[in-house]
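The values are calculated or read from the model by the stated rules, or taken from the named source; none is laboratory data. Computed from a predicted model, the values in this text were never measured in an experiment. Cβ: placed from backbone, ideal geometry, glycine included. Neighbour counts: every protein chain shown. Just so you know, the surface numbers come from the protein's heavy atoms only, side chains and all, with ligands and any DNA or RNA stripped out. Shrake-Rupley method; radii C 1.70, N 1.55, O 1.52, S 1.80 Å.
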Amino acid sequence: MRKFTLTLLAGVFLTLSAIAQNKIDFKEFTLDNGLHVILHRDNSTPIIANTVFYHVGSKNENPERTGFAHFFEHLMFEGSPNIERGKFFEIVESAGGTLNAGTSQDFTFYYEILPSNQLELALYLESERMLQAKVDQIGVDTQREVIKQEMKQVMDERPYGSFQRELPLRLYPNHPYKSPIIGSAAHLDAATVEDFKGFYDTYYVPNNATLSIAGDIDYEKTEQLVRKYFGEIPKGTINPYRPNIEIQKLTSEITDTVYDNIQLPAVFQGYLMPKKGHPDAYALDLLSTYLLSGKSSLLYRELVDGSQKAIQAVAFPNDLEDGGMFLILAIANMGVDINELNTAIDEVLESVKANGLDQKEFDKLINIKENQLVNELGSVANISLTLAQGHVFYGGADAINSKLDLYRKVTPADIQRVAKKYLDPNSRVVLTYLPKSAQTTE
């Protein structure tokens, strides 16, 4: 068992302002246990972001034990034999930093942002998590109740929140993406501590992880620290489950009605996207920006400002490893028939398919995307995460430097083409959300 003396620095968290237009330089290496390490040095501000990125999400779960990846997002804060239960936040915040974690269908990540003289603390904490996180009955019982309460708040009590469960269930009939990231309360109740330990031993191992550190670091000293804290962690020996399932595309439109605790009806349209990294994903992203990015976007102009059929509209692509989801959402204005609103959305989409967009509109999209990418790379936290994602999903960490070029390769004709190809009414899911009061009158 390892020991570590904590030197806590009380301080103020600082934000790094990176010059994102410049190339992001980095160094990378792989430890003998399979842990891939990426280092980016930016000494302009004395902070660091430490990210551990595990290639495990909800799609890797047993269909009878869903919610495990998200469960571990919580459980990994319980502590270790050397870290008192529930003290992760207190330790990092006392050192002048912040920390959090996130889970998707494809990955889970944990990060700390700290003053640069606390890098060793960040590495120690994450190495403890990877080597010997507390996976015991106390932690499981505690987090199970926390997550079940989160399920109620996010899925059942939040207006329209259940779309996270209802839409994927219909769009992905044969793929694990059909289960919500947060999972099933019944599955979590049925799971044993041994079930959770098995999941931990399979996925939270160095050869299924990427360690990405960005900020005020020295490459040589940082590598020494990484080897000190992570080099002794044993390599995982269990082959992780990676679903090799081609997503079954719908052959006809699926429509359904959900009655919810809401006042205004809404419509959700879901379309299947290509796999993460496919060239069409960049055109679809620009299409979503064209449809709805600010008050000057097409759907906002037509539905909110123009016809006033909607009070809110959203369009975004959820880019996923095995095939994502392009989502369009609109909340109806008072007195507007929801079917009329759905038709109005379709009319806007058909106009894009028929007419495309002109060069001026396209140039505006590229400018918006360039500003977004610059802002994304304006913090060490985003740089650290983006480098890890590039390594796992996009063929290498240097994907961080080619992302804008991939958007610039898209043409106006590509946007019109992907609208025709992917926004197909015959292979989509349309969910109509109505107030619960309407259920008794229909």
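At-a-glance table
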| item | result |
| --- | --- |
| Residue among A69, A101 that alone is assigned to a strand (DSSP E or B) and either open to solvent by less than 10 Å² (accessible area, probe 1.4 Å) or not polar (S, T, N, Q) (or both) | A101 |
| Residues within the stretch 186-205 that are in a helix (DSSP H, G or I), of a type outside the set (F, W, Y) and either crowded, with 23+ Cβ neighbours inside 10 Å or touching a Phe, Trp or Tyr at 6+ places or on another chain (Cβ under 9 Å) (or both), tallied | 4 |
| Hits in the stretch 394-406 (condition: open to solvent by 30 Å² or more (accessible area, probe 1.4 Å), in contact (Cβ under 8 Å) with a residue 60 or more places away in the chain and of a type in the set (A, V, I, L, M, F, W, C)) | L406 |
| Selected residue (criterion: farthest from H55 (Cα to Cα)) from residues of the stretch 308-329 that are surrounded by fewer than 19 Cβ atoms within 10 Å (Cβ to Cβ) and touching a Leu at 6+ places or on another chain (Cβ under 9 Å) | I311 |
| Qualifying residue in the stretch 299-315 (condition: under 22 Å from Q105 (Cα atoms) and either modelled with pLDDT of 95 or more or in contact with a strand residue (DSSP E or B) (Cβ under 6 Å, 6 or more places away or on another chain) (or both)) | yes |
| Enumeration of residues in the stretch 164-185 that are under 23 Å from N261 (Cα atoms), open to solvent by less than 40 Å² (accessible area, probe 1.4 Å) and touching a helix residue (DSSP H, G or I) at 6+ places or on another chain (Cβ under 7 Å) | P168, S179, P180, I182, G183, A185 |
| Residues of the stretch 28-53 satisfying the condition of being closer than 30 Å to T237 by Cβ and open to solvent by 20 Å² or more (accessible area, probe 1.4 Å) | E28, F29, T30, D32, G34, H36 |
| First in the stretch 357-369 and assigned to a loop (DSSP other than H, G, I, E, B), second anywhere and open to solvent by 20 Å² or more (accessible area, probe 1.4 Å), Cβ under 8 Å, 6 or more apart | L357/Y290; L357/P412; L357/Q416; D358/P412 |
| Residue within the stretch 367-374 that is within 30 Å of T30 (Cα to Cα) and either acidic (D, E) or surrounded by 14 or more Cβ atoms within 10 Å (Cβ to Cβ) (or both) present | yes |
| Top-ranked residue in the stretch 118-163 [being basic (K, R) and open to solvent by 10 Å² or more (accessible area, probe 1.4 Å); ranked as farthest from the chain's Cα centre (by Cα)] | K134 |
| Qualifying residues in the stretch 107-163 (those that are part of a helix (DSSP H, G or I) and basic (K, R)) - the one nearest to N261 (Cα to Cα) | K152 |
| Residues located in the stretch 323-356, provided they are touching a residue at least 60 places away in the same chain (Cβ under 8 Å) and under 17 Å from S293 (Cβ atoms) | F326, L327, I328, L329, A330, I345, L349, V352 |
| Filter result (within 16 Å of F316 (Cα to Cα) and in contact (Cβ under 8 Å) with a residue 40 or more places away in the chain) within the stretch 161-170 | F163, L167, P168 |
| Boolean, L225 is assigned to a helix (DSSP H, G or I), open to solvent by 80 Å² or more (accessible area, probe 1.4 Å) and among the hydrophobic types (A, V, I, L, M, F, W, C) | no |
| Failed criterion for E350 (all others in (1) modelled with pLDDT under 95; (2) open to solvent by 70 Å² or more (accessible area, probe 1.4 Å); (3) part of a helix (DSSP H, G or I) hold) | (1) |
| Top-ranked residue of the stretch 230-272 - restricted to ones that are among the polar types (S, T, N, Q) and within 29 Å of D201 (Cβ to Cβ), ranked as surrounded by the most Cβ atoms within 10 Å (Cβ to Cβ) | T237 |
